[in-house]
Amino acid sequence: MKNIIVSSRFFSRFAPFAYFVVSLLFPVILFAAVPTDFASTRAILGEPLAAPRLVQVRLDAPIFAATRPGLPDLRLFDGADRELPRLIEPLYTTKERRTRHSVGARVTALQELPGNRIEAHFDLATNALPPAGIDIRTPLRDFIRTVRIQGSTDGQHWETLVEDAQIYDYARYMDIRRTEIPLPPNEYRHFILEIGNASEERAQPLIRLVQANGQDQSRAFDLLQTPFRIDGVSFWREETVLAKDELLLQDWPSADRVVTQNTKDQTTEIVIQTDFAPITRLELETTARNFRRTALVQIPVLSHGQSTWRTISEGAFTRIDVSGLATNAMGINCPEQRAAEIRLVIQNHDNPPLDVLAVHPSGPVYRLLWLADPAAARYYLAYGHDKLPAPAYDIYAIRAALAQGIPPDLWELAEPVASDPSLKPFDFGEFLSRPLVFSTALGLAALALLGLLVKALQKAA
């Protein structure tokens, strides 16, 4: 019992220090990154601003060569060394696309007229934009009708917009249907639609289809006289927008390549040094003609502690150059990869190896965007850190500006500058990760826990 009391006194005196060690092993305070934590910095060159602007820089090969996958260690700082929110995204080509939007309108009058005609009056909703077309919804099949459309700004004076448009359906005889009528540019708020029977001349397409189906042409005239039913009329307008189309690609420099002829496997193996650039395509340059060779794209991986190659894509290089036929498909696509090197394995089988002149890697262009402030004297990038986690920024304002189609100003990057190791602050996390320091601290923590156990046993006794 005396030994237990002595041990408990020792551990009770030692426990506060041990608790301090435990708190160091499991910190809860995260320290913000500072520029000197990173391997390199790049000044950003831009024009003076009179107001806040959306700004971008293009990321180049030196940045990808020094950063980790996902770019968690690429940070933006201002002249006061404050870290700023930034958005990194690939660039896309744009393409004009027409999108359709409905225009609100209400029916103010609907009446039947002599001669199997229908007249409907519509007023646009308040603040609705002028329509570019009308869609007449009907459940009927096998019909043809003519439509006359008038417009007015005040509901008193009318102007004819469409004189003799046709809507029709030949579903029983052919998969053809049209119920939409485009309108000329207008600023009208009131519209009148008059739907009537088609003339015999206009009905000739339907008559010929009926006769081709082995029926008498009187059947076509019966269809023409069938009362027309309207389920609704929709007004619509079209808007031209710029939408993302395809990834914008650029050629990335390959530092070196090694070509090996594997006679055992009958393959040509080309290892390309890509220095962690984002690669999605490999282009083969050769003087050979009239061939088709399958090929594998591979990246290095660790398997059971050993380095090996993993196939990520498969394709074929094809070139045909004969009279009347020419094909030149010399590229293979692959999922985006950032690796130190990529291997291309060309299957030769019993054919002579191709004379490989070069392999050109290419991949997406990435940009970094932020909201630049006129008060900031300068901006620069800092990058290259082994342990820094990915940041969580508030980039809503940046995305909102992009969604509104605001074009960002393009600024340039200066040459890389390596950080001075003497200015790097003490990295407490790196200090604790050293094996000797960590094992010592872990032992002290174990002693502290043992002291707690002895103290608990003493109280129980």
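Side notes on the structure shown:
- Spin-label pair ASP350/THR94, simplified geometry with 7 Å Cα→Cβ offset, distance in nm: 5.7 nm
- The overall shape of the stretch 92-171, judged from the alpha-carbon gyration tensor, is oblate: a/c is not under 1.5, and a/b is no greater than b/c.
- Approximating the spin labels as points 7 Å out from Cα along Cα→Cβ, the ARG117-to-GLU412 distance works out to 7.1 nm.
- FRET efficiency estimate (nearest 0.05) - Cβ-Cβ, GLU239 to ALA61, R0 56 angstrom: 0.90
- Treating r as the C-beta distance of ASP164 and GLN306 and R0 as 51 Å, the FRET efficiency rounds to 0.05.
- Expressed as a whole percent, the proportion of Cα-Cα pairs in the stretch 289-340 lying more than 12 Å apart is 70%.
- Here the gap between GLN261 and GLU194, fully extended at 0.36 nm per residue and compared with their Cα-Cα distance, gives a gain of 16.3 nm.
- Residue by residue, the stretch 131-145 carries 3J(HN,Hα) couplings of x, 10, x, 9, 10, 9, 8, 8, x, 5, 10, 6, 8, 8, 9 Hz when phi is fed to the Karplus relation 6.51 cos²θ - 1.76 cosθ + 1.60 (θ = phi - 60°); x denotes Gly or Pro.
- You can think of it this way: the chain between LEU84 and ALA375 has 103.4 nm of extra reach, that is 0.36 nm per residue less the Cα-Cα gap.
- Within the stretch 300-331, backbone nitrogen closer than 18 Å to the virtual label 7 Å beyond the Cα of ARG289 toward Cβ: 318-330
- In the stretch 288-391, Rg over Rh equals 1.16, where Rg is the alpha-carbon radius of gyration and Rh the Kirkwood radius from pairwise Cα distances.
- Annotation: amide H of LEU45 within the under-5 Å range of GLU412, LEU413, ALA414, sequence separation 5 or more or interchain, hydrogens built in the peptide plane.
- Restricting the GluC sites (Glu not before Pro) of the stretch 271-333 to loop positions (DSSP other than H, G, I, E, B) with no more than 10 neighbouring Cβ atoms within 10 Å leaves nothing.
Every number in this text was worked out from the coordinates using simple rules, so none of it is lab data. In this text, all values refer to a predicted model and were calculated from it rather than measured experimentally. Please note: Cβ atoms are built from the backbone with ideal geometry, for glycine as well, and neighbour counts cover all protein chains shown.
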